[in-house]
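Remarks on the structure that follows.
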Amino acid sequence: MRQSQLFTRTKKEPPRDEVSINARLLIQAGFIKKEMAGVFSFLPLGLRVLKKIENIIRKEMNLLGGQEILMPALHSKEPWLKTGRWETMTDLYKLKDSADREFALGGTHEEIVVPLVAEFLSSYKDLPFAVYQIQDKFRSELRAKSGLLRGREFFMKDMYSFHRSVADCESFYEKVALAYKRIFDQVGIGRMTFMTFASGGLFSKYSHEFQTITPYGEDTIYLGEAKGLAVNREVNTPDVLKDIGLDEEKLVEKKAIEVGNIFQLKVRFTEAFDVKIKDETGKLEPVYMGCYGLGLPRIMGTVVEVLSDEHGMAWPKNIAPYAVHLIALQKEVLPEAESFYEELNKSGIEVLFDDRGEKSPGEKLVESDLFGLPIRLVISERNKGKIEIKIRTEKESRLLEKNEAINFIKNYVE
């Protein structure tokens, strides 16, 4: 991609009305545009990041045997009345059409997925299975002030699993937890993200949040570092700690951002829709459920919060919009840079090429740090045909011949 053709532009300063790091940097860099509190447009660079996160998640859900579907965002009132959540889900967006019919904008999809799968369930042989989608969600968030961390409209992966027994549901639940760990590792926040015990509410004894440690987080958790487990504020009681084997004296209070959650719903929603299956003898038995959520923009915002520095963002290679930022530092080296740009493309390397002749060297380098692509390549008059390579997270750069540079990049991004 040639930067001269990128329709977006960076801002000289971050927006003054934004407090969170992710909003300030992503808006300044032209990755997103704020349309209103909690609602954002994803621009070309930002959408590339979001899609790479999406692909990582999709791959892991498919490895679990999940089947991808797409459900509507507009829901009729009736299924929400059946579950009792039309009145109790306080952040549900409700609307009426010209015929005075009432609808909800989907904040979650249990009310849709359960009657949907019920049409295809008849016996115990149909279980277990899991379906998932990656789709817009809408929630009336009162504190939509943290950029991508608290959205009123946001992109979410929600998976729903269906089982014959509690034991089978629990077994799959543990597999999802491991898949989540792999996802967080791949997006670059695995080492600072911990499974955190939370209340299971009406559904089960515990649910689990995945919390990423950062001083800028809005949640408070208590971390048992030796076990790599934590409890949130609401379940930090002596009984709970004893139950899960954490020592209160060794817990460390941390600020964190919740980047995912998983619940064992048991029969809460299948009973509401009278969903049962026949066992081997023809007797009807209940269907057990789990649900598993990941907010894609929230993950993206968390990566920025955790991995940025005073100069800008620093994207992990798996989700960076481009692997390489190629900069022609002066107009005079544009022909040389054009040639190398073509070589990089032919080698299958994703490149953002700063080919703008009107920008000063200083402006280009500052923007490059703001964008935070994993590798910066500089072609300048003083390098005399060699390529200056700098890893975004390192201080020192190195000079390499062009063929050496391509091999270095391939080894780094693979």
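Compute the helix-to-body angle for 44-63: its Cα long axis versus the longest principal axis of the chain, expressed 0 to 90° and rounded to tens.
Taking Cα atoms only, the helix is inclined about 40 degrees.
Taking region 63-142, which trypsin sites (Lys or Arg not before Pro) meet the DSSP loop condition and have no more than 14 other C-beta atoms within 10 Å?
Details: sites: Lys77, Lys82, Arg85, Lys94, Lys96, Arg101, Lys125, Lys137, Arg139; in loops: Arg101, Arg139.
Qualifying residues, ordered by number: Arg101.
Among the listed pairs Lys255/Lys364; Lys59/Lys266; Lys51/Lys242; Lys12/Lys59; Lys52/Lys254; Lys51/Lys125, which are separated by more than 31 Å between their Cα atoms? List each step's numbers first, then the result.
Details: Lys255/Lys364 35 Å; Lys59/Lys266 26 Å; Lys51/Lys242 41 Å; Lys12/Lys59 38 Å; Lys52/Lys254 29 Å; Lys51/Lys125 36 Å.
The pairs that break the limit, which is 31 Å between Cα atoms, are Lys255/Lys364; Lys51/Lys242; Lys12/Lys59; Lys51/Lys125.
Counting C-alpha atoms alone, how compact is the chain: give Rg to one decimal and Dmax as a whole number, in angstrom.
Cα only, the chain: 24.4, 82 Å (Rg, Dmax).
Please give the length that would be gained between Met71 and Lys145 if that part of the chain were fully extended, namely 0.36 nm times their separation in residues minus their C-alpha to C-alpha distance (nm, one decimal). Walk me through the intermediate numbers first.
Numbers: separation 74, 0.36 × 74 = 26.64 nm, distance 2.83 nm.
Full extension from Met71 to Lys145 adds 23.8 nm.
Using Cα positions and a limit of under 12 Å, work out the aspartates and glutamates in reach of Lys331, with same-chain residues fewer than 8 apart set aside.
Asp354, Asp355, Glu358, Glu381
Per DSSP helix of 4 or more residues, -39500 (n - 2.57); summed, then divided by the residues of the chain. What does that give at 222 nm, rounded to the nearest 500?
Working: 12 runs with 130 residues, N = 414.
Value at 222 nm, helices only, nearest 500: -9500 deg cm²/dmol.
Can you put His163, His325 in order, fewest other beta carbons within 10 Å first? Please report the intermediate quantities before stating the final value.
Values: His163 23, His325 27.
Ordered from fewest to most neighbouring Cβ atoms within 10 Å, His163, His325 come out as His163, His325.
Over region 236-354, what is the mean sequence separation of C-alpha contacts under 8 Å (at least six apart), divided by residue count, expressed as relative contact order in percent? List each step's numbers first, then the result.
On the way: 99 pairs, mean separation 20.3, N = 119.
Rounded, it is 17 percent for region 236-354.
Here are some pairs, Lys33/Lys386; Lys34/Lys157; Lys359/Lys384; Lys317/Lys402; Lys157/Lys402; which of them have Cα atoms lying more than 31 Å apart in this structure? Before the final figure, lay out each step's value.
Working: Lys33/Lys386 37 Å; Lys34/Lys157 22 Å; Lys359/Lys384 21 Å; Lys317/Lys402 21 Å; Lys157/Lys402 41 Å.
Table pairs above 31 Å Cα-Cα are Lys33/Lys386; Lys157/Lys402.
Going by how many other beta carbons lie within 10 Å of each one, how would you line up Val49, Val131, fewest first?
Ascending number of Cβ neighbours within 10 Å: Val131, Val49.
Counting just the Cα atoms, what span does region 324-413 cover along each of its three principal axes? Round to the nearest Å and put the largest first.
Rounded to whole Å, the extents work out to 33, 26, 21 Å.
For the chain, what relative contact order do you get, as a whole percent, if you take Cα pairs closer than 8 Å and at least 6 residues apart? Intermediate results must be reported in sequence, preceding the final value.
Details: 794 pairs, mean separation 65.5, N = 414.
Across the chain, relative contact order equals 16 percent.
A short reminder: the numbers here are calculations on the coordinates, not readings from a lab. Predicted model, so just to flag it, every value in this text is computed and none were measured. Reconstructed Cβ throughout: ideal geometry from the backbone, glycine too, with neighbour counts over all protein chains shown.
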